[in-house]
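Here's the structure we're looking at; comments come further down.
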There are 2 protein chains.
Amino acid sequence: MTTATLSLTELTAAATSAAKIAAAASDAERAGWLTAVADALDDNAAELVEIADSETSLGTTRLTGEVARTSGQLRLFARVITEGSYLEAIIDHADPSATPPRPDLRRILRPIGPVAVFSASNFPFAFSVAGGDTASALAVGCSVIVKAHSGHLRLSGRTAEIVAEALRGAGAPEGIFALVHGRDVGTALVQDPAIKAVGFTGSIPGGRALFDLATSRPDPIPFYGELGSLNPVVITAAALRARTGELAAGLAGSFTLGAGQFCTKPGLVFVPAGTQFAAEVAAASKDKPALGMLTSRIAEAYPDGLRSFASVDGVDVVSGSVDQDAAAHGAAPVVFSTTAAKVLERPEQLLEECFGPTTILIEYADRDQLSAALAKVPGSLTATLHAQPGEDIAGLVEQLSGLAGRVLFEGWPTGVAVNWAQQHGGPYPATTSLFTSVGATAVRRFQRPVAYQDASEDVLHPALREGNPLGIPRRVDGELRLP
Amino acid sequence: MTTATLSLTELTAAATSAAKIAAAASDAERAGWLTAVADALDDNAAELVEIADSETSLGTTRLTGEVARTSGQLRLFARVITEGSYLEAIIDHADPSATPPRPDLRRILRPIGPVAVFSASNFPFAFSVAGGDTASALAVGCSVIVKAHSGHLRLSGRTAEIVAEALRGAGAPEGIFALVHGRDVGTALVQDPAIKAVGFTGSIPGGRALFDLATSRPDPIPFYGELGSLNPVVITAAALRARTGELAAGLAGSFTLGAGQFCTKPGLVFVPAGTQFAAEVAAASKDKPALGMLTSRIAEAYPDGLRSFASVDGVDVVSGSVDQDAAAHGAAPVVFSTTAAKVLERPEQLLEECFGPTTILIEYADRDQLSAALAKVPGSLTATLHAQPGEDIAGLVEQLSGLAGRVLFEGWPTGVAVNWAQQHGGPYPATTSLFTSVGATAVRRFQRPVAYQDASEDVLHPALREGNPLGIPRRVDGELRLP
């Protein structure tokens, strides 16, 4: 499972062989592999956090929490495959009396094969080498080749060593997991015939370029990209009247969290016109410290993004300074304000993601103008609504549901719970697929359905055998049955 | 719901409005729409079959069966949405004591929006105007714009009238369904910002061209294409010894069915070398009548395909004539034979689909050679194995599972049951997605997940409300619960 000495051809050949073994392994075996990786991450958390902090400036508190989230994620997927619904086993018994006669037909989801995973800059654990893409692919019986992110190479290497050793110790096949480096190798991976799906978390331009490669292959493969998100927030007049201070403090905490480098950072906040909310947010933000960013490239891009907003006529800087040297002194928060009318006039300039601790307050005159401006907002991971009980918000909720994969009420989007119901994905460009990259249903990305017609018991996957030997939920003759 | 007088812009605007209403309709309402369409098709079957036969030459027996299959398909989807599992409702209750505290999170699948459907030439009912793509999209609350197939325009128009009238009568919104004509309009539809997904059944070149358009949009959309399939069959030596006559008769019946114009036609048959099977198949095929093909273009292409096979050195014509005028006299069956060694040498020439009543027998020397040749076969809808009880076929079954979406035993692939477990799809080029276009799970293609965080009961979809008012299966706090 080492990588440095193998060519890409050797790695993908090993991944192909390993995928066959992993596909034949039992759910209990694969759950054991995931648990071993989780335990190894927890056991080595102190060392890993130290390396991660030196490379990403994210701080040890956040990074320690992220390791726990990452090992927890691996354990969730172990529970998911042990429960067994993820196989979506469906059995239709034969009906020789039907016209035409119906055969015995049994469907199951099988692993798709070797998966390429592109790790993210901003979550060096949870969306990286041993993150959700890797965990969900391994869970269902795929092998994984991870492209390390250049922003945390030392951490990637050390994590990969720990993962590989844990997998080996738990009995996983040689070749089940590998780490590669470099943009060219990543590009080659997406085009490699052995690779059957790609998981990606990163920028819109980078993700779109790889998506285009994946879909233009002679045999296109699914590209599960999480690319970017503005995460609009809507505050109603009633909510603002009832709790303006709380909202200002909550927003300031959320958009500056982790130096504003969350893919769920609230980047657009729609507020009623004619209020003092901008001043409240400015007050709540002004003492937030400047924080080091993930990489010098990201730090250099931040003021460029700020200046781009500030250059638009009708956009005001409410707090903070556009002219800052984030690479030298850390990224300091900046709050902008403008109007919904301006957004309608210049959507392409104002509806751009700016990675860093900044957000734009957008004043709307009424519900119609709000709705018109929201209609210009590109697909997002999240959309948030702050309203008061009793307000008529049904139409707004429906519009936000069409815009984002997760709709939040009375909260802030930066936290992403790792559980059964999570949806971390949304209309393009938030993601390039109809799936989630976080939560139990993320496994479905790396599975493909196969139906077996009139197969004898001995060739059927145990999940499809007559007596339900695995004891899993199945649909039999149209009826969902619990074990 | 008429189409002739509206521009594409007007049609897509109407489809967008209708999709909002359909998304808000209850499952019972939409089940009513589907049932009304099914009833209307059955009520008008005689007239429709007559038109269809005049346009497709498929014969009234087959076409009458296909109408029944199509109305049955609509009724299956009505049952699927009534049962409710298709919503994949997942509820994770809040856990304030967790670190970090967990919000209340509830996930459901929502309709994706207006869908474009490209109908097929070879199934003028089941994969056409009121076919599986239309039915599954309407079922989940999408609107549908169907591109008629030029091979049966009169039938498409009449079917669309019946569908539109039934939908109107059942209370479905104006704009929920429309029919359009022409290649240029089809191309424009795939690129129209209002269209959120495409269902397609047709040729590899045509499907790939539209897939490329769908994925190269500024906002790529899912393209569910069913493009083509060789449907390999493997016969073991033991099976051949035990039932050679039955196998020859079964194969002859399957590859000539409907003039060999099924997407599941067995186009490649791997048989042990050194047997008399070719002679048996020749005998079983020689009295099969020449049948009119779907269109003159298809009929003209058939002899071209035959000549292409015949031109390969080492390929023998076992029965029938390569030089035939299928457009004038119908398509007569032709059986070829060659060796697995030849397939390994010239895969690009021999592993081409030829639409029509022809198949190639491929003699293999041993299991290793069989496996090597199978490895060259492109992704298929089906793969069939004929073996005897007690034979060691596990490796072969696993290889066939990787090659196709449906693996059959002791049967022939041309029948496709419409039920809960069906999988009609496979690795590219069989399909361009990981989904099926037939069977209950086809609905998933036109849904997207949305999670609601800390939402109050009154804004939640009924499927996600605390008391389970719809009485559907749901996963609550990780546990699958039946109503």
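Here, each number is a calculation from the coordinates, and none is a lab measurement. None of the values given here were measured: they were computed from a predicted structure. Using ideal geometry, Cβ is built from the backbone for each residue, glycine included, and neighbour counts are taken over all protein chains shown.
Exposure proxy shown here: for A:Thr60, B:Thr5, the number of other Cβ atoms within 10 Å sets the order, fewest to most, as B:Thr5, A:Thr60. Amide H contacts of A:Ala331: A:Leu291, A:Gly292, A:Met293, each under 5 Å away and 5 or more positions distant or on a separate chain (H built 1.01 Å from N in the peptide plane; Pro and chain starts excluded). Taking the axis that rotates chain B onto chain A, the chain B residue nearest to it by Cβ, with the distance rounded to whole Å, is B:Thr215, 2. Hey, if you put +1 on the Cβ of every Lys and Arg and -1 on every Asp and Glu Cβ in chain A, which of A:Thr60, A:Thr382, A:Gly274 ends up farthest toward the positive end of that dipole? Going by the Cα projections, it comes out as A:Thr382. Given A:Lys288/A:Lys376; A:Lys196/B:Lys147; A:Lys265/A:Lys376; A:Lys376/B:Lys147; B:Lys265/B:Lys288, which pairs have Cα atoms separated by over 21 Å? Distance filter (> 21 Å) returns A:Lys288/A:Lys376; A:Lys196/B:Lys147; A:Lys376/B:Lys147.
In this assembly of identical copies, the label point of B:Ala28 (Cα plus 7 Å along Cα-to-Cβ) is separated from its counterparts by 4.6 nm, sorted shortest first. Could you calculate the FRET efficiency of A:Ser308 with A:Glu29 from 1/(1 + (r/R0)^6), where r is the beta carbon distance between them and R0 is 56 Å, rounded to 0.05? E(calc), rounded to 0.05, equals 0.60. Scanning chain B for long hydrophobic helices, with DSSP H runs required to stretch 20 angstrom or more by C-alpha along their axis and to average at least 0.5 on the Kyte-Doolittle scale, returns B:8-24, B:237-256. The residues B:Ile162, B:Ile108, when put in order of fewest to most other Cβ atoms within 10 Å, stand as B:Ile162, B:Ile108. Measuring nothing but alpha carbons in segment B:379-483 and taking Rh as the Kirkwood radius, the Rg to Rh ratio lands at 1.15. Using the rule -39500 (n - 2.57) for each DSSP H run of four or more residues, divided by the residues of chain A, the 222 nm mean residue ellipticity is -12500 deg cm²/dmol. A cut-off of 5 Å between modelled amide H atoms, ignoring neighbours fewer than 5 places along the same chain, links A:Arg448 with A:Arg110, A:Ile112.
Between A:Asp323 and B:Ala46, how many nm apart are label points set 7 Å from Cα along the C-beta direction? Taking the simple label geometry, A:Asp323 and B:Ala46 are separated by 8.7 nm. The modelled label-to-label distance between A:His93 and A:Arg183, using points 7 Å beyond Cα along the C-beta direction, is 6.1 nm.
Put simply, the amide H of A:Ser319, placed in the peptide plane, has neighbours under 5 Å in A:Val335, leaving out anything fewer than 5 places away on its chain. From the Kirkwood radius over Cα pairs of segment A:232-409, Stokes-Einstein at 37 °C and 0.692 mPa s returns a whole-number translational diffusion coefficient of 203 µm²/s. Its residue count N sets the reference 2.2 N^0.38 Å, and the alpha-carbon radius of gyration of segment B:313-357 equals 1.30 times that reference. Across segment B:319-326, rounded Karplus estimates of 3J(HN,Hα) from the backbone phi angles (6.51 cos²θ - 1.76 cosθ + 1.60, θ = phi - 60°) give 7, x, 10, 6, 8, 9, 9, 5 Hz, Gly and Pro being marked x. Convex hull volume per residue, computed on the Cα atoms of chain B, equals 166 Å³.
Among B:Lys286, B:Lys196, the order by Cβ neighbours within 10 angstrom, fewest to most, reads B:Lys286, B:Lys196. The A:Gln191 and A:Thr60 beta-carbon pair, evaluated with R₀ = 41 Å, returns a calculated FRET efficiency of approximately 0.60. Rounded to whole numbers, the Karplus 3J(HN,Hα) couplings from phi for segment A:411-417 are x, 10, x, 5, x, 10, 5 Hz, using 6.51 cos²θ - 1.76 cosθ + 1.60 with θ = phi - 60°, and x at Gly and Pro. Label separation (A:Glu479 vs A:Gln349): 6.5 nm, computed from points 7 Å beyond Cα along the C-beta direction.
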